[in-house]
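Visitor: My questions all concern the structure below.
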Amino acid sequence: MNHTTSKLRTALLPLLAALVLAGCATSASVDPASIPATPAAYKENAGAAVVAATAPQSQGTWWKVFADPVLDQLVEQAGNNNNSVKVAAGRLAQARAILRTTDADRLPQVGLSGGAVRQRNITTNRVAQTTVTAAANFSYEVDLIGKLSLNSDAASLDARSREALLRSTQLLVQADVAQTYLNLRSLDTERTLVRDTLQAYRNTLRLTEIRFKEGDVAELDVARVRTEVAATESEALALDRRRAELEHALAVLVGEVASGFAVAPTEWSTALPVIPAGVPSTVLERRPDVSAAQSTMQAAQARVGVADAAWFPTFSLTGNAGYAAPEISDLFKASTRAWGVGALLSLPIFDGGRRRAGVQNANAELDIALANYREQILVAFKDVEDQLSALRLLAEQSEAQSRSVASATRATVLSDSRYRNGFVSQLELLDAQRSELRNRRQALQVKTAQYLATVGLIRALGGGWNT
């Protein structure tokens, strides 16, 4: 027994020495200079410092800052039923299962086997013999160069990326629900505004028809007002069509059939939250899409190491112990015990360039993942700057538009009074009414844009802000 062990040790020493000399596989490195530099402050909010990415934070219930119960219900319903969220959750579960499979490759594999074989030795011309076996089998790949651990690291990073992508999908759906709902409420307000104006046009038409019968105005004046009435009715119907489309879009987002889904028209009372100073301070820390891109890049780094490890030998241990007998009744007797151990060192010599191609492919995947990560960082900062500039300029535009609405409303009141007293023509009154409607609708568009930009900023910051 000692002689056999000594011979086995002598045979394995050169192989183990070859593995030690081969070294260990390591993941590829990424030049820090290739990652976009984090700015010291934002152009649109110079007082806010920027924090680099660490781990993605939970978005929380950011939509509650709008203080709208209907919006709260819709967002929560979308979180439970939206199909894009379910697909992202399924992909996360799939990535975690792959991780468990990869981790299992690093553990010993143990199994049981049994069988019966009847055979005849042709060379000795003996009669056929039966052999019944029952054994326990063992196999284990020794991870001397770190290939299996790198593979496991890559799978773990893939799972982390999928988890971040799930949060990113949830944030995207929440923002889509909020923006679609706010657009719908804006349309409700605009429809009321247009219908109020339509009623004013109809009142003007009745007055003009009375004056036409009395001979105070020409038929041309009646035709002009009728044109305004018909055109405004057409605009009201177009708004109804647009509202139906938004309602159907909301149905898809919350996972319901459009035919049975409805959001009742009501007054737009959604609060517009005030953005605190310094909100962009943790944009890269909060955004799950940036975290997902970073994890994907790190997984690609690990897979470069896995591809490099294909050039090194693999070393496996095997063993079995059990019983072998010619009859089942003798199978578990002490005299029928059998065992065996083995070690296998494998190194491909010629593979037609497969390993070289594998390394090139892994490096190309790393280049792609690195470029995607850089792009995601640039997009993150762009999104924040876009929404901050939009909110700043929209606030100024809202003030200017409010003054315009006040002036247009005063002009309509004065023109109506002068028209009723016969001091001005009907054209002047129609112009004043059209101007007021146009300015009120523009003011509503600016207000809607402020709400949408607020949601956009929340999304750009990864689901909220830090005061």
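Visitor: So which of 226, 185, 195 is open to solvent by 50 Å² or more (accessible area, probe 1.4 Å) and touching a residue at least 24 places away in the same chain (Cβ under 8 Å)? Talk me through it step by step, then tell me what you get.
Guide: Details: 226 fails: touching a residue at least 24 places away in the same chain (Cβ under 8 Å); 185 fails: open to solvent by 50 Å² or more (accessible area, probe 1.4 Å).
Answer to the check: 195.
Visitor: Okay, next question. Could you check the range 385-442 and list, in sequence order, the residues that are open to solvent by less than 50 Å² (accessible area, probe 1.4 Å) and among the small types (Gly, Ala, Ser)?
Guide: Those that are open to solvent by less than 50 Å² (accessible area, probe 1.4 Å) and among the small types (Gly, Ala, Ser): 389, 390, 395, 398, 400, 404, 408, 411, 415, 422, 432, 435.
Visitor: Let me ask something else about it. So which residues in the range 216-235 are of a type in the set (A, V, I, L, M) and under 14 Å from residue 200 (Cα atoms)? Full working, then the answer.
Guide: So in the range 216-235, the residues of a type in the set (A, V, I, L, M) come out as 217-218, 220, 222-223, 225, 229-231.
Result: 225, 229, 230, 231.
Visitor: If you scan the range 146-179, which residues turn out to be surrounded by fewer than 21 Cβ atoms within 10 Å (Cβ to Cβ), more than 25 Å from residue 297 (Cβ to Cβ) and polar (S, T, N, Q)?
Guide: The one that is surrounded by fewer than 21 Cβ atoms within 10 Å (Cβ to Cβ), more than 25 Å from residue 297 (Cβ to Cβ) and polar (S, T, N, Q): 179.
Visitor: On to the next question. For the range 352-368, indicate whether the set of residues that are in a helix (DSSP H, G or I), farther than 20 Å from residue 272 by Cα, open to solvent by 80 Å² or more (accessible area, probe 1.4 Å) and of a type in the set (Lys, Arg) is non-empty. Reasoning before the result, please.
Guide: In the first step, residues of the range 352-368 are kept if they are in a helix (DSSP H, G or I); the result is 354-368.
Going one step further and asking which of them are farther than 20 Å from residue 272 by Cα, we end up with 354-368.
Still in the running and open to solvent by 80 Å² or more (accessible area, probe 1.4 Å): 354, 356, 360-361, 365, 367-368.
Subsequent filtering for residues that are of a type in the set (Lys, Arg) retains 354, 356.
Scanning the range 352-368, I find at least one residue that is in a helix (DSSP H, G or I), farther than 20 Å from residue 272 by Cα, open to solvent by 80 Å² or more (accessible area, probe 1.4 Å) and of a type in the set (Lys, Arg), so the answer is yes.
Visitor: Continuing with this model, one more query. For the range 314-344, which positions are over 60 Å from the mean Cα position of the chain (by Cα) and loosely packed, with under 12 Cβ neighbours inside 10 Å?
Guide: Within the range 314-344, 327, 328, 329, 333, 334, 335 meet the criteria.
Visitor: Sort out which residues of the range 77-110 are in contact with a Phe, Trp or Tyr (Cβ under 9 Å, 6 or more places away or on another chain) and either open to solvent by 90 Å² or more (accessible area, probe 1.4 Å) or in a strand (DSSP E or B) (or both), and write them in order of number.
Guide: As a first pass, look at the range 77-110 and keep what is in contact with a Phe, Trp or Tyr (Cβ under 9 Å, 6 or more places away or on another chain): 107-110.
Matches in the range 77-110: 107, 109, 110.
Visitor: What pairs come up if the first residue lies in the range 355-366 and is under 17 Å from residue 30 (Cβ atoms), the second is among the β-branched types (Val, Ile, Thr) and open to solvent by less than 30 Å² (accessible area, probe 1.4 Å), and their beta carbons are under 9 Å apart, counting only those six or more places apart or on different chains?
Guide: Note: pairs meeting the criteria are 359/304; 362/304; 362/306; 363/304; 365/304; 366/304.
Visitor: May I ask you to list the residues in the range 296-343 that are within 24 Å of residue 110 (Cβ to Cβ) and polar (S, T, N, Q)?
Guide: 314, 316, 318, 320, 336
The values are calculated or read from the model by the stated rules, or taken from the named source; none is laboratory data. These numbers come from a predicted model, not from an experiment. We place every Cβ from the backbone using ideal geometry, glycine too, and count neighbours over all the protein chains shown. Areas reflect the complete protein model, heavy atoms only, side chains present, ligands, DNA and RNA absent. Shrake-Rupley method; radii C 1.70, N 1.55, O 1.52, S 1.80 Å.
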